1. From the alpha carbon gyration tensor of the range 12-151, can you work out the equivalent ellipsoid semi-axes (sqrt of 5 times each eigenvalue) and give them in Å, largest to smallest?
2. How large is ³J(HN,Hα) for each residue in the range 13-29, as worked out from phi by the Karplus curve 6.51 cos²θ - 1.76 cosθ + 1.60 (θ = phi - 60°), to whole Hz, x for Gly and Pro?
3. Under 4 °C and 1.567 mPa s, how fast does the range 101-198 diffuse according to Stokes-Einstein, given a Kirkwood radius computed over C-alpha pairs? Answer in µm²/s, whole number.
4. For the residue pair residue 131 and residue 284, what label-to-label distance in nm results when each label sits 7 Å from Cα along the Cα-to-beta-carbon direction?
5. Would you check the chain for Lys pairs whose C-alpha atoms are within less than 30 Å, ignoring same-chain pairs closer than 8 in sequence, and give me the count?
6. What fraction of the Cα pairs in the range 1-80, stated in percent, has a spacing above 17 angstrom?
7. Could you tell me how many degrees, from 0 to 90 and to the nearest 10, lie between the Cα long axis of helix 46-61 and the main elongation axis, the longest principal axis, of the Cα atoms of the chain?
8. With a cut-off of at most 12 other beta carbons within 10 Å, and DSSP calling the residue loop, which trypsin sites (Lys or Arg not before Pro) in the range 230-286 qualify? Please list them.
Amino acid sequence: MADWLTPAGEPAVLVTVARAEGSVPREAGTHMLVTANSQFDTIGGGHLEHKAFAIARDILAGTRAAAPYLERFPLGPALGQCCGGVVWLLFEPIQGGLAGVMEQFRQRRKEDSCRITAIDGEMECRLVDEQHKETHIHTDANGRRWLIDTVKAPRAHLVLFGAGHVGAAIVRALAELPCTVTWVDERDAIFPAEVPGNVTIEATDTPEACVDEAPDGASYLVLTHSHALDLQLTEAILRRPKVGWFGLIGSKTKRAQFTSRLEVKGLSTQNMVCPIGLPGIIDKAPAVIAASVAAQLLMVWESQAKD
């Protein structure tokens with residue numbers, strides 16, 4: 001499913017989880033975009049999403065007012081959902097100031113952004129400079145309600161070396177996950193004509209330079225076509241401070257060989273993950289490796305986000 005910032009090019013309604021209490025499908029700040037024929041992203045599925053979808057379609061059809069509309073949904077009593085919390089959804093037709101803000105969001109995908117939208121009174125939506133920790137509803141001194149909507153850029157960044165079958169499968173597996181990817185290879189022609197929106201291609205004769213260009217805390221995954229290049233990149237990564245995670249494709253034998261060569265240079269491979277992927281998954285098909293590595297990375301990134 002495409003994300004909510006997918007350019008629709010047609011009339012649409014933005015549905016935002018403006019507030020959430022208790023056990024709920026998705027947290028405040030979750031978005032879903034609804035058009036006459038499509039849906040982009042999800043607020044959690046089930047009866048809540050079914051009701052939200054119907055309301056959005058009513059707005060598009062003109063049977064509800066084309067203005068910001070906030071509704072409270074007690075999930076247990078009203079919708080029969082077992083999670084039992086309470087969700088407030090804001091419905092906004094994509095027009096006026098919101099249309100411009102959506103385009104700014106698309107252009108600033110790699111930056112944190114925050115918008116303020118009037119829930120009551122005249123329609124008003126704009127980006128603001130100050131950052132807020134989370135999406136919430138604010139009531140001003142005049143009793144007017146506003147949505148303060150924080151849209152955070154993905155914190156997880158992966159530098160992926162190798163554009164072969166496994167690298168391409170991993171890129172596809174990460175396409176809709178909350179991360180950005182720098183995809184590096186010396187062979188320009190091997191990259192596909194189109195890549196997911198969260199991927200940046202780096203075709204370079206000096207791939208090791210991409211190690212130091214990555215942000216602090218980035219993750220690295222090395223799976224090139226050359227063991228010599230793998231070793232060169234491994235050395236560069238192990239010399240780099242503030243590495244979030246490092247995985248190297250290969251067997252236990254490859255790990256032992258690399259360890260013996262690098263320890264001579266005073267480098268420890270203690271934090272090098274090799275083989276990659278979740279324990280117990282042994283199939284070597286690219287799609288299976290990609291699924292396993294994607295799950296492994298999600299576990300790493302969620303753990304890091306808690307720190």
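1. Numbers: eigenvalues 99, 63, 48 Å².
They are 22, 18, 15 Å, listed largest first.
2. So the J values, rounded to whole Hz, are 10, 8, 10, 10, 6, 7, 7, 9, 10, x, 7, 9, x, 9, 7, 4, x.
3. Details: Rh = 16.1 Å.
Roughly 80 µm²/s, to the nearest whole number.
4. Placing both labels 7 Å beyond Cα along the Cβ direction yields 4.4 nm.
5. So the count works out to 19.
6. Working: 1388 of 3160 pairs.
For the range 1-80, the share of Cα pairs beyond 17 Å comes to 44 percent.
7. Between helix and principal axis, roughly 60 degrees.
8. Numbers: sites: 239, 242, 252, 254, 255, 261, 265, 284; in loops: 242, 265, 284.
Here the trypsin sites (Lys or Arg not before Pro) that fit, given the DSSP loop and packing criteria, are 242, 265, 284.
Coordinate-derived values only; no laboratory data. Given the structure is predicted, the values throughout are model-derived calculations rather than measurements. Heads up, the Cβs are rebuilt from the backbone with ideal geometry, glycines too, and the neighbour counts pull from every protein chain shown.
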